[in-house]
1. Taking 1 over the mean of 1/r across every pair of different Cα atoms in the chain, what Kirkwood radius in Å do you get?
2. Can you work out ³J(HN,Hα) from phi for every residue in the stretch 408-425, in order, using Karplus 6.51 cos²θ - 1.76 cosθ + 1.60 and θ = phi - 60°, giving whole Hz and x for Gly and Pro?
3. Order T230, T36 by their accessible area, 1.4 angstrom probe, all chains in place, largest first.
4. In degrees, nearest 10, range 0 to 90: what is the angle between the Cα axis of helix 134-146 and the longest Cα principal axis of the chain?
5. Counting only heavy atoms of protein chains, what accessible area per residue, in Å², does the stretch 157-297 have with a probe of 1.4 Å?
6. What number, rounded to the nearest 500 deg cm²/dmol, is the helix-based mean residue ellipticity at 222 nm of the chain, given -39500 (n - 2.57) per DSSP H run of at least four residues and division by all its residues?
7. Run a plain Debye calculation on the stretch 385-469 (Cα atoms as equal point scatterers, no solvent) and give log10 I(q)/I(0) at q = 0.21, 0.26 Å⁻¹, rounded to two decimals, same order as the q list.
8. P(r) for the stretch 86-158, please, calculated from all Cα pair distances in 10 Å bins and given in %.
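The values are calculated or read from the model by the stated rules, or taken from the named source; none is laboratory data. Just so you know, these numbers come straight off a predicted model, no measurement behind them. Cβ placement follows ideal geometry from the backbone for every residue including glycine, while neighbour counts extend to all protein chains displayed. SASA here: full protein model, heavy atoms, side chains in, ligands and nucleic acids out. Shrake-Rupley method; radii C 1.70, N 1.55, O 1.52, S 1.80 Å.
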Amino acid sequence: MKASDLFVKALEAEGVQYIFGVPGEENLDLLESLRTSSIQVILTRHEQAAGFMAATYGRLTGRAGVCLATLGPGATNLVTAAAYAQLGAMPLLMVTGQKPIKSSKQGRFQIVDVVHMMQPLTKFTHQIASGDNIPSRVREAFRLIEEERPGAAHLEFPEDVAVEETSADIIPKSLTRRAIAEEKAVRRAIEMIAAARHPLLLIGAAANRKSTSNVLGHFIEATGIPFFSTQMGKGVVDERHPLFLGNAALSADDFLHRAIDSADLIINAGHDVVEKPPFFMHPDGFKVIHVGFSSAAVDPVYFPQLEVVGDIANSMWQIMEGLTRQSTWDFSRFMQIKAHVEDHLQLRIDADDFPMSPSRLVGDVRKFMPSDGIIALDNGIYKIWFARNYKAHQPNTVLLDNALASMGAGLPSAIAARLVYPDRRVMAICGDGGFMMNSQELETAVRLKLNLMILILRDDAYGMIKWKQAAMGFNNFALDFGNPDFVHYAESYGAHGHRVTAADELIPLMEACHASPGVHVIDCPVDYADNDRILNHEIKERSKLI
Ligand SMILES: Cc1ncc(C[n+]2csc(CCOP(=O)(O)OP(=O)(O)O)c2C)c(N)n1
Ligand SMILES: [Mg+2]
């Protein structure tokens with residue numbers, strides 16, 4: 001068999017549905033093999049976007065998303081997506097082409113050492129030097145990518161290897177189950193929780209990766225222990241729950257941190273230090289039980305006293321089975337703080353200011369989105385507002401990146417979510433800065449005939465950095481820009497363009513977009529005065545008083 005055909009067979013055997021990418025001449029044998037396969041090639045307009053799409057496919061399905069690029073410049077364009085997947089624990093396989101490795105007459109044209117370039121950004125990076133090695137290298141890549149903690153892998157597939165003949169056979173996937181926590185660690189966790197006065201449950205990103213939602217829901221019902229979430233742990237348990245205390249969108253000085261400060265024990269289900277810290281540990285502060293698929297990375301602000309290592313759902317189930325509600329537990333302070341959180345979240349939710357205030361905007365999107373609707377956020381200041389104010393009802397319905405926190409992922413990740421869930425409402429929410437970093441993918445969405453909404457929050461600036469600049473007491477400098485007319489810009493791609501001109505228009509406009517097929521771009525002017533006023537001042541001042 002031709003090696004490129006075997007490569008595609010190996011991908012099919014792993015269950016690959018899509019390959020996102022921009023082929024180069026070095027990928028043409030592989031492309032020809034893909035042409036007659038069951039795998040759909042999704043051509044994109046930038047490799048970075050292909051990588052974001054594939055990583056998001058992996059994030060949503062737990063199975064590796066695959067992307068394709070040529071050597072040199074195509075491969076270097078994948079670097080940000082590799083980091084996005086690796087930090088965010090999203091299963092991603094990157095396949096790049098290469099000039100012939102056995103004999104080449106082209107000198108060093110376009111040659112970069114891609115295998116080594118990918119080293120710090122992947123769990124596995126390898127050049128396939130013989131057709132016979134394809135089954136084992138592909139299987140190894142998928143094994144590493146998909147097992148906890150998931151991440152990125154890279155395979156370089158040179159032109160001359162792709163045309164080789166090989167008689168190697170596919171290596172099938174073995175049946176495997178995740179290891180479960182050891183009984184003594186579970187017993188110690190039960191003792192620590194029972195002995196605590198004010199235990200609190202934290203739900204982090206890893207709990208959003210595997211089906212831990214049911215078990216955590218049962219744990220909360222059975223014990224009555226209040227909980228909070230990290231940005232990437234949103235929605236594992238419905239955030240409308242009466243015991244939900246809030247999201248750790250900010251690292252300190254929010255209402256939620258008053259609760260964290262008054263806890264004496266935090267049970268951490270699935271948070272790891274790659275996310276912006278939801279809290280800072282102090283040597284004489286609360287204790288932490290780390291419940292994770294793997295042990296805790298050592299960090300100056302995170303040094304748990306106990307680790308329960310193994311499948312998170314199983315660990316939490318075992319802990320729940322051995323734990324009874326204690327009359328000594330006292331959650332009154334937490335519930336007092338929750339009342340303040342809820343009051344504050346309602347503030348300005350109906351503000352009719354225009355340009356729109358972030359609180360109103362988040363509130364309107366929440367009203368418009370059904371419980372299973374997915375919002376895919378890019379990176380900007382609004383991410384904090386959405387993480388903090390938008391209550392996620394279901395797992396993985398708020399796709400945000402609090403690991404690499406790269407701009408440019410909003411639109412590509414929404415496209416991937418749309419492909420995975422064709423029957424759900426999916427919306428990209430982007431700043432005017434982040435949107436323009438991958439706006440060319442509007443063409444991909446139009447070509448794929450997707451029904452998709454993109455909400456652009458326009459402040460004509462890199463608002464997040466302006467906010468920090470102001471908080472640091474610096475003058476406003478070098479962060480304002482101009483924008484294309486987004487309505488015309490969308491139309492030039494064959495999408496529909498809309499502009500909000502009053503706060504009351506947003507919900508009816510989103511409904512109208514939803515009712516009409518195609519790609520809809522909504523240009524929504526925002527007033528970011530509340531960023532400084534509320535996030536930097538009001539929250540700190542009010543939360544101090546509780
Ligand atoms: C690729 C990348 N470049 C730079 C940054 C640093 N950064 C974080 S947010 C931000 C501004 C985002 O601006 P915009 O998308 O318009 O959103 P806004 O904050 O204005 O709502 C910048 C430059 C980043 N996170 N990612
Ligand atoms: Mg902006």
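1. Values: mean 1/r = 0.0408 Å⁻¹.
The answer is 24.5 Å.
2. Result, ordered by residue: x, 8, x, 5, x, 6, 5, 4, 5, 4, 4, 5, 6, 10, x, 9, 9, 6 Hz.
3. From most accessible down to least: T36, T230.
4. Compared with the principal axis, the helix lies near 10 degrees.
5. Value for the stretch 157-297: 40 Å² per residue.
6. -10500 deg cm²/dmol
7. So the normalised log intensities are -1.11, -1.48.
8. 20, 48, 25, 7, 0
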